[in-house]
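Student: Sharing a structure, written as structure tokens. Questions coming.
The values are calculated or read from the model by the stated rules, or taken from the named source; none is laboratory data. On a predicted model such as this, the values are computed, not experimentally measured, just so you know. Methodologically, a virtual Cβ is constructed for each residue, glycine included, from the backbone with ideal geometry; neighbour enumeration extends over all protein chains shown.
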Amino acid sequence: MLTVDGLHCYYGEAHVLKDVSLRLSPGEILCLLGRNGAGKTTTLRAIMGLVPPRSGRIALDGRELTGLRPHDIPRCGIGYVPQGRRIFPFLTVGENLKMGLLLKGSGDAGLAWVLDLFPPLRGRLGQRAGTLSGGEQQMLATARALCTEPKVLLMDEPSEGLMPALIRRLLDTIRALKVRQVGVLLVEQKIDLALRVADRVVLLENGSVRYESTPEALASNPEVLLRYLGVRR
Amino acid sequence: MSFEGHLFLALLEGTVTGFVLALTALGLSLVFGVMRIVNVAHGEFFMLGAVIAWYFSTLPGGFLPALVAAPLLVGAAAFLADRLVLRRLEYKPESTIVATIGLLYIIQQLVLTVYGPYARPVAAPVYFRLDFPWFGYSGYKLVVAGVSAALLGATWLVMSRTTLGLYMRATQQDREMAQAFGVSVDRVYALVFALGAGLAAMAGALVVPIQQAHYLMGLDALLMSFIVVILGGLGSLGGTVAAAFLIGVSDGLVSVFFSPTLAKIVATLLVALVLVLRTGGLFGEEGT
């Protein structure tokens with residue numbers, strides 16, 4: 001269980017997260033929704049230790065993560081698929097995956113599982129990651145994070161720039177993680193996609209949590225959709 | 001001596017210079033690539049290596065132990081400088097330039113105080129002559145080239161085949177993501193800075209029997225390293241090595257057929273020309 005309690009973050013003087021609290025159970029898919037600048041990405045970066053919170057606490061299975069150095073946090077069982085993929089472009093596909101495998105020391109067994117999830121990567125292990133197509137880079141970013149065998153996976157707009165067939169595949173991957181009891185914290189702009197895959201949705205606005213419900217309840221609440229997301233249904 | 005003789009000498013000298021230059025500049029290139037800082041004190045690490053080598057040559061053990069001790073001692077000094085200075089500045093580009101300028105003067109003046117203003121020669125640990133049809137050539141220079149080549153190869157192996165090298169390349173490409181995969185960037189930085197300084201010290205120690213040890217010898221090493229690193233393309237180790245040979249061989253040719261002073265002018269002009277035509281240097285930014 002990932003718990004975020006009363007998180008406050010600042011960029012210089014700007015107060016970008018205000019009292020954000022979240023709960024994520026094993027095997028649960030929680031989707032963070034909100035407009036640009038609402039604080040979705042910052043929430044994920046704060047959990048990864050890349051934006052130090054000024055107050056509040058973050059814990060995984062009761063273990064305090066707040067105050068750990070950024071490189072200790074993935075070791076605790078948190079995987080990260082950042083916005084824009086951010087694979088290591090000059091490393092090969094295999095080396096990118098190795099970055100994940102080294103963290104757990106799981107070696108070839110971990111690799112086999114991940115390559116079964118993303119078969120197109122199998123034949124490209126020796127290729128420079130920067131030369132992959134956008135869809136393949138997304139697979140690699142997800143695969144790399146899964147190589148760390150996370151208990152919780154943070155995904156920041158993984159569907160960005162993907163064609164529909166690849167989005168379906170992404171949803172299948174997320175559901176496969178659910179079966180393995182991995183909790184997924186998904187930041188998503190595409191509301192339809194979020195409603196299809198999420199167990200719960202949280203709406204952020206101006207750095208605060210404004211609404212939390214099941215996807216069904218959100219879908220049947222046009223007032224909230226319009227007010228916080230500007231979506232008319 | 002015939003034209004072929006001169007040409008052969010020029011190419012031979014140029015190749016030896018290229019190897020030494022590559023080894024001298026490699027650390028600067030590595031530090032800039034991975035840490036994004038311009039280490040103005042790089043030449044002083046080279047000079048420290050040379051002075052330590054001279055000191056060892058006066059001891060009963062002789063010169064050879066210096067080839068192990070100089071890089072280790074200088075690497076340790078650099079490790080301390082990283083912990084005490086650079087890390088506290090959070091590796092900000094502007095602050096670290098100023099800080100390493102300070103480091104340059106501290107090291108230089110310390111050596112002047114302790115070692116003095118003399119240029120001191122060191123006898124080559126091995127002495128043999130290679131006789132070519134036109135001239136005899138110092139065997140030690142070829143040993144220097146050979147050891148440099150071995151160290152360049154070893155550095156390449158570390159960068160491309162080891163976990164440490166993988167972490168260095170990942171840190172170079174995306175520092176935050178490296179952290180998100182458990183890499184302690186602080187530790188990588190300290191190691192890279194020590195390794196870069198150690199390589200320069202090794203180059204300094206190796207050339208002492210050819211060049212003599214002097215407290216100002218780091219300045220020329222720094223200038224030549226900058227030329228090579230910029231010419232090869234910032235952040236590219238392969239580019240640095242290629243540029244070292246380009247500069248080395250052109251230096252050899254111009255020195256032998258014209259004059260050594262002209263050779264330096266040509267090298268500087270070459271950099272200016274490359275920067276006008278290709279802003280990123282010959283090889284630009286790449287991962288290794």
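Every residue, every condition in (1) within 14 Å of another protein chain (Cβ to nearest Cβ); (2) on the phi < 0 side of the Ramachandran plot; (3) among the small types (Gly, Ala, Ser); (4) part of a strand (DSSP E or B), yes or no:
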site	(1), (2), (3), (4)
A:Cys9	no, yes, no, yes
A:Arg23	no, yes, no, yes
A:Leu32	no, yes, no, yes
A:Thr43	no, yes, no, no
A:Pro52	yes, yes, no, no
A:Ile58	no, yes, no, yes
A:Gly67	no, no, yes, no
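Student: OK, next. Hand me the list of helices (runs of 4 or more DSSP H) wholly inside the stretch B:135-195 holding 3 or more residues that are within 14 Å of another protein chain (Cβ to nearest Cβ) and more than 20 Å from B:Ala242 (Cα to Cα).
Tutor: Numbers: elements: B:139-161, B:163-173, B:175-180.
Result: B:163-173, B:175-180.
Student: I've got another one for you. Just checking, how many residues over the stretch B:141-193 are in contact with a Lys or Arg (Cβ under 7 Å, 6 or more places away or on another chain), over 21 Å from A:Arg144 (Cα atoms) and of a type in the set (A, V, I, L, M, F, W, C)?
Tutor: Result for the stretch B:141-193: 1.
Student: Only one of these is modelled with pLDDT of 95 or more and touching a helix residue (DSSP H, G or I) at 6+ places or on another chain (Cβ under 6 Å): B:Ala197, B:Ala154. Name it. Spell out how you get there, then give the answer.
Tutor: On the way: B:Ala154 fails: touching a helix residue (DSSP H, G or I) at 6+ places or on another chain (Cβ under 6 Å).
It is B:Ala197.
Student: May I pose another question? Applying the selection to the stretch B:236-288, what residues are over 30 Å from B:Gly5 (Cβ atoms) and in contact with a Lys or Arg (Cβ under 9 Å, 6 or more places away or on another chain)?
Tutor: Those that are over 30 Å from B:Gly5 (Cβ atoms) and in contact with a Lys or Arg (Cβ under 9 Å, 6 or more places away or on another chain): B:Gly284, B:Gly287, B:Thr288.
Student: Taking only pairs six or more apart or across chains, which ones have beta-carbon atoms under 6 Å, a first residue in the stretch A:95-121 that is of a type in the set (S, T, N, Q), and a second residue that is modelled with pLDDT of 95 or more and surrounded by 14 or more Cβ atoms within 10 Å (Cβ to Cβ)?
Tutor: Partner pairs satisfying both residue conditions: A:Asn96/A:Ile87; A:Asn96/A:Phe88; A:Asn96/A:Ala129; A:Asn96/A:Leu140; A:Asn96/A:Arg144.
Student: Out of the stretch A:84-102, which residues are more than 7 Å from chain B (Cβ to nearest Cβ) and either in contact with a Leu (Cβ under 6 Å, 6 or more places away or on another chain) or under 18 Å from A:Pro150 (Cα atoms) (or both)? Reasoning before the result, please.
Tutor: Residues of the stretch A:84-102 more than 7 Å from chain B (Cβ to nearest Cβ): A:84-85, A:87, A:92-94, A:96-97, A:101.
Scanning the stretch A:84-102 gives A:Arg85, A:Ile87, A:Val93, A:Gly94, A:Asn96, A:Leu97, A:Leu101.
Student: In addition: Looking only at the stretch A:52-80, count every residue that is out of contact with any Lys or Arg (no Cβ under 8 Å at 6 or more places or on another chain) and β-branched (Val, Ile, Thr) and tell me the total.
Tutor: Of the residues in the stretch A:52-80, 2 are out of contact with any Lys or Arg (no Cβ under 8 Å at 6 or more places or on another chain) and β-branched (Val, Ile, Thr).
Student: Turning to a different aspect of this structure: When you scan the stretch A:176-192, how many residues do you find that are surrounded by fewer than 20 Cβ atoms within 10 Å (Cβ to Cβ) and outside any loop (DSSP other than H, G, I, E, B)?
Tutor: From the stretch A:176-192, those surrounded by fewer than 20 Cβ atoms within 10 Å (Cβ to Cβ) are A:176, A:178-181, A:189-192; that's our starting set.
From what is left, the residues that are outside any loop (DSSP other than H, G, I, E, B) are A:176, A:178-179, A:191-192.
Residues in the stretch A:176-192 being surrounded by fewer than 20 Cβ atoms within 10 Å (Cβ to Cβ) and outside any loop (DSSP other than H, G, I, E, B): 5 in total.
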